[in-house]
Amino acid sequence: MPNIDRRDFIKLVGAGGVGVGAGVVLRESIKHPKEHLIPHVLAPEDYSSGVATWYNSVCSMCSAGCGISVRTREGRAKKIEGNPSHAVNQGGLCAVGQAGLQVLYNPDRLTGPLLQSANRGSDGFTQITWEDGLTRVASRLDVLRAAGRGNRIALLTRGVGGHLAELLESFAEGVGTDQLHHYDYDHPHALYAANERFFGKQHLPYYDLSNTRHLLSFGADYLAGWLSPVHHSLGFANSRHGGDNRGYFVQIEPRMSPSGAAADEWVPAKPGTEGILALGLAHHIVASGHYEGEDINEWKDVLSAYTLEKVAEETDVSESVLRRLAESFANASPSLAIGGDGAGNNSNGVDTLVAINALNYLAGNVGEVGGVIFNPDPAGATSHSRQANYQTLAQLAESARAGEIDVLILNDVNPVFTMPLASEFKAALAQIPFIVSLSSFIDETSALADVILPSHTYLESWGDAFPEQGVGFSIGAVSQPVIAPLYNTKATGDIVLDLARRIGKPMRWDSTEDCIKDGWNKIYQESDSNTRTESFESFWTALLKAGVWGKKNHLKTDTSRPNANTIASIGVDAPTFSGDAELYPFVLQPYRSGMHDGRAANLPWIQELPDAMTSVVYGSWVEINPKTAKDLGLTEGDLVDIESVEGAVRAPILVYPAIRPDVIAMPIGQGHTNYGRYASNRGANPLEILSPLVDDNSGNVASNATRVKIVATGKHVEIVKTGGKSRDLGRDIVQTTGGDDHTAQTNSIPITVIPT
Amino acid sequence: MNVSIQPALKSLQTAALIAVVAVVGIFVGYFIDFLITDNPEVSAPEQPIAFSHKIHAGDNEIPCQYCHTEARRSPSAGVPSVNKCMGCHNEVATESPLIRQVSEYWENKEPIPWVKVHDLPDFVHFTHKRHVQAGIACQTCHGPVETMDKISVHSRNNDGPTLLASTTGEIMNSETSAVAATQNDHWEMGLCLNCHKQHDVVDGKAVRVDDGGFDNGLDCWTCHK
Ligand code: SF4
């Protein structure tokens, strides 16, 4: 025992004291904290603490308009499921729909109105009050409107359907502008144009995948993105389940999509030649006597140039395959041909989709169950008539550059991200003196705003939807708030209504709810008075409870025929591409992976969701054929610059066997510079380097028509993916056998009969 | 040359002593905290209003579920809304200073921030609904609430038997009182297991198992899911 002197004694007392203190702190910190039980002041009727309440509503993450049922507890949304009664999704829901909760609870959501008090585009946003924000906007609008210069106000919104679309329409009218544009990157402009030309219909028909026995899909990734993926998945499952009558699915596309992987046959035709291929099949169907209509001679004339021999040469698909496809398509009944983004977003996109319509017509699929069925006119507004294509937006940019736009109102729309750099859209916006955004997030476009008046998310607000691609009969659904607003935000409709009041042009509704209810009252009044409920109120209650409304009014008998002029106009030119084929040897196919057009990139669930084909998470990649990779001496993870005439993006190589050697593919959605912590500074955005090559028939950019070259950077990164090798490298890990083989083998197995 | 390590060791010894004293101090501090904050007086926390279960459930024999209405239909028993309090206290004892406090909350449209006494860790899944519907009396776990002026998680001072409702709903003495009462002291897994070991559910009601060897509800994931 050492002698303890005075100093040591003080040290010991100190150590003891600190120890005791630490002990108390330790226990206090690991002890269960004091919790409170906060009761209601006045308990709501439909609420039991601890018991879930479900609300039916509508998913607004894309334009498919699936019905959702949201589980809420203690006033918080906990889980989103599909509404089983909704004819579009029948209880199903895609990953983005599931991730809707992360829009609601996203830490990067704006919690109140903001004013840009430093330079535009900087993060100098400061909090302001709603009164301040609304006054600032209203005063700008009022000056212009009063001076009769309302047309210097432009409204740009994401595709909004239903009665909210009418509300926006009425607002635009009030301020005196016709510059109201809806914009979704993936709006199928070409498909609308083709259907209008061939069938004379303003709306999309219903493609009955569910009942078809033979599907020819031309670049339509119907399972993962095209039009209404959840509905198509159900149809696919239904058509493919067991039995002798199982549907046969063919996917024609240069890069295998999830739908291609699920198909029976994948046909990698040359990009942009899908329409020529379709006409080749049409030629064979007519020439071989499968078609016997009165107009057969007109068809013979127009198709005479598309002999299988010539088509085989142009499409790089052998004559025998073409013949087989044509035969099986014509013989199967019902059969169906569909054309998606892969076919429609080319320089000859509309002609291609018209050719696909012709194929349906010649095979007798129009107006047939399992074929193309026309939808009745939707019961409410859809956004198509106001959808801006590339040309419209370029026009808007032009007006902005010319100083013809004074105020731009943005609603949850991000064209700066989806427009090619070549359009100089961002620079054009900078010319507009005053920009106000109603978005919930600061994305690339909202970052340019002077004032942000953040709106509620779809789970907090009223709305309704009339799905454009339909289900063959009238359908609509109401979107109701499933929880009280989390933050100091307002419903888009209410902001607009408030602005209208402030500029002395009040609309006939008091609130968004009022507007939606009013719209449905009209639907109620127009319905059959014998079968409808007693009063509108009881109809409304039932509607909110069910979450969906429909009417049995199939138009199966409508078999619109193309006239002689239409037939004569059929023909598909060889596709054109931007960039010299020598200098830029590859055709770039930007495709939709899990992030939609990039709007889902700020949702961590979607970021960590492995891509369906490559299993890559959290990033971008460039898919190239193994042969191309070998020629260029590249392996997985090599960082390359993908260069077009317009610019370059950088991403790592992913060797992907199911792509043509002359094509490379990149997923859309990453490469954000803003849009919150999960989205920004991750991956690359291939849309940036697209050439503004436009298909004049649709007015939209031909996004599959840009040629690129691959420039190695010498750097290497690790691609993060959940799958290891996609091939077993001769190790025979997964042994396979063909169907016939299998039967032969099982038949040859000796069966031992056990005597009883 | 003769080198001694003694001087170096000496300073080390002092350092070691200081370390030992500090470590002992931690234990002492931890224990002191335990003594101060874990005796029944303290763990029956002050509530914003000195509500007495004895007056309500004991003297006036108001059934538990009159106020805790959710107990039979929800995982949580539910705390009555302020409106519920006022339902009676618009008429009853309106002049009492405590009731004045309640009306003040009601007039300000503010909830009363009760302090939670009975708490299970988040990794335990417990549902009132099943237990109440199976006929388990509230007192089985919560102790004789009707005798408590101030709710306490401990039942150390409670000599009364733990109660179990019979299948007909009337409350009877349970032979397991001794065991249950000690388990009750800590609201730990033993409290649950003890009962789960000895009861089976027949036609939705909890009934005693006559001879041991019984396994219903003993899976880990009955509670940890
Ligand atoms: S398909 Fe579109 S509407 Fe349907 S769940 Fe997915 S994101 Fe929502």
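For this structure, a couple of remarks:
- Test: residue in segment A:257-266 that is more than 36 Å from the chain's Cα centre (by Cα) and not acidic (Asp, Glu): no
- Looking only at segment A:355-374, and only at residues there that are assigned to a helix (DSSP H, G or I) and in contact with a strand residue (DSSP E or B) (Cβ under 7 Å, 6 or more places away or on another chain), the one that is nearest to A:Phe473 (Cα to Cα): A:Asn360
- A:Glu81 being acidic (Asp, Glu), within 16 Å of the ligand (Cβ to nearest atom) and modelled with pLDDT of 95 or more: yes
- Residue within segment A:375-392 that is surrounded by fewer than 23 Cβ atoms within 10 Å (Cβ to Cβ) and more than 27 Å from the chain's Cα centre (by Cα) present: no
- Filtered by the rule that a residue be within 16 Å of the ligand (Cβ to nearest atom), in a loop (DSSP other than H, G, I, E, B) and either open to solvent by less than 70 Å² (accessible area, probe 1.4 Å) or within 10 Å of chain B (Cβ to nearest Cβ) (or both), segment A:62-78 gives A:Cys62, A:Ala64, A:Gly65, A:Cys66.
- Within segment A:229-256, the residues that satisfy the criterion of being in a loop (DSSP other than H, G, I, E, B) and surrounded by fewer than 23 Cβ atoms within 10 Å (Cβ to Cβ) are A:His241, A:Gly242, A:Gly243, A:Asp244, A:Asn245, A:Arg246, A:Met256.
- Of the listed requirements (1) open to solvent by less than 70 Å² (accessible area, probe 1.4 Å); (2) assigned to a loop (DSSP other than H, G, I, E, B); (3) within 17 Å of B:Thr147 (Cβ to Cβ); (4) not β-branched (Val, Ile, Thr), B:Phe51 misses just one: (1).
Conditions tested, residue by residue: (1) more than 7 Å from chain B (Cβ to nearest Cβ); (2) under 21 Å from B:Ile26 (Cβ atoms); (3) touching a residue at least 60 places away in the same chain (Cβ under 8 Å); (4) not in a helix (DSSP H, G or I).
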{"site": "A:Arg7", "(1), (2), (3), (4)": "yes, no, no, no"}
{"site": "A:Val18", "(1), (2), (3), (4)": "no, yes, no, no"}
{"site": "A:Arg27", "(1), (2), (3), (4)": "no, yes, no, no"}
{"site": "A:Leu42", "(1), (2), (3), (4)": "no, no, no, yes"}
{"site": "A:Glu45", "(1), (2), (3), (4)": "yes, no, no, yes"}
{"site": "A:Ser60", "(1), (2), (3), (4)": "yes, no, yes, yes"}
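- Some residue of segment A:669-681 being in a strand (DSSP E or B), closer than 26 Å to A:Gly571 by Cα and not polar (S, T, N, Q): no
- Residue within segment A:574-596 that is more than 23 Å from A:Ala648 (Cα to Cα), away from the ligand (no atom under 16 Å from the Cβ) and surrounded by fewer than 17 Cβ atoms within 10 Å (Cβ to Cβ) present: yes
- Residue within segment A:651-668 that is open to solvent by 20 Å² or more (accessible area, probe 1.4 Å), under 23 Å from A:Thr445 (Cβ atoms) and part of a loop (DSSP other than H, G, I, E, B) present: no
- Members of segment B:88-130 that are assigned to a helix (DSSP H, G or I), open to solvent by 40 Å² or more (accessible area, probe 1.4 Å) and without any contact (Cβ under 8 Å) to a residue 12 or more places away in the chain: B:Cys88, B:Pro97, B:Arg100, B:Glu104, B:Glu107, B:Arg130
- Matching option when the condition is among the polar types (S, T, N, Q) and at pLDDT below 95, among A:Thr614, A:Thr576, A:Thr628: A:Thr614
- For A:Val20, the stated conditions hold: it is within 26 Å of B:Val23 (Cβ to Cβ), open to solvent by 30 Å² or more (accessible area, probe 1.4 Å) and either at pLDDT 90 or above or aromatic (Phe, Trp, Tyr) (or both).
- Taken residue by residue, segment B:15-24 has no member that is modelled with pLDDT under 90, within 11 Å of chain A (Cβ to nearest Cβ) and open to solvent by 70 Å² or more (accessible area, probe 1.4 Å).
- As for segment A:108-118, it holds no residue that is away from the ligand (no atom under 16 Å from the Cβ), away from every other protein chain (no Cβ under 14 Å) and assigned to a helix (DSSP H, G or I).
- Matching strands (runs of 3 or more DSSP E) fully within segment A:392-510 where at least 1 residues are in contact with a Lys or Arg (Cβ under 6 Å, 6 or more places away or on another chain): A:407-411, A:434-437, A:474-479
- Members of segment A:160-173 found to be over 24 Å from A:Ala477 (Cα atoms) and open to solvent by less than 20 Å² (accessible area, probe 1.4 Å), listed by number: A:Ala172
- Flag if A:Ser29 is of a type in the set (S, T, N, Q), open to solvent by 40 Å² or more (accessible area, probe 1.4 Å) and within 16 Å of the ligand (Cβ to nearest atom): no
- Test: residue in segment A:89-97 that is at pLDDT below 95 and touching a Phe, Trp or Tyr at 6+ places or on another chain (Cβ under 8 Å): no
- Scope segment A:709-751; condition surrounded by 10 or more Cβ atoms within 10 Å (Cβ to Cβ) and closer than 30 Å to A:Gly647 by Cα; matching residues: A:Lys709, A:Ile710, A:Val711, A:Ala712, A:Thr713, A:Lys715, A:His716, A:Val717, A:Ile719, A:Val720, A:Lys721
- Only one of the numbered conditions (1) open to solvent by 40 Å² or more (accessible area, probe 1.4 Å); (2) within 16 Å of the ligand (Cβ to nearest atom) is not met by A:Val143, and that is (2).
The values are calculated or read from the model by the stated rules, or taken from the named source; none is laboratory data. In this text, all values refer to a predicted model and were calculated from it rather than measured experimentally. Counting neighbours? That spans all protein chains shown, and the Cβs are built from the backbone with ideal geometry, glycine included. Just so you know, the surface numbers come from the protein's heavy atoms only, side chains and all, with ligands and any DNA or RNA stripped out. Shrake-Rupley method; radii C 1.70, N 1.55, O 1.52, S 1.80 Å.
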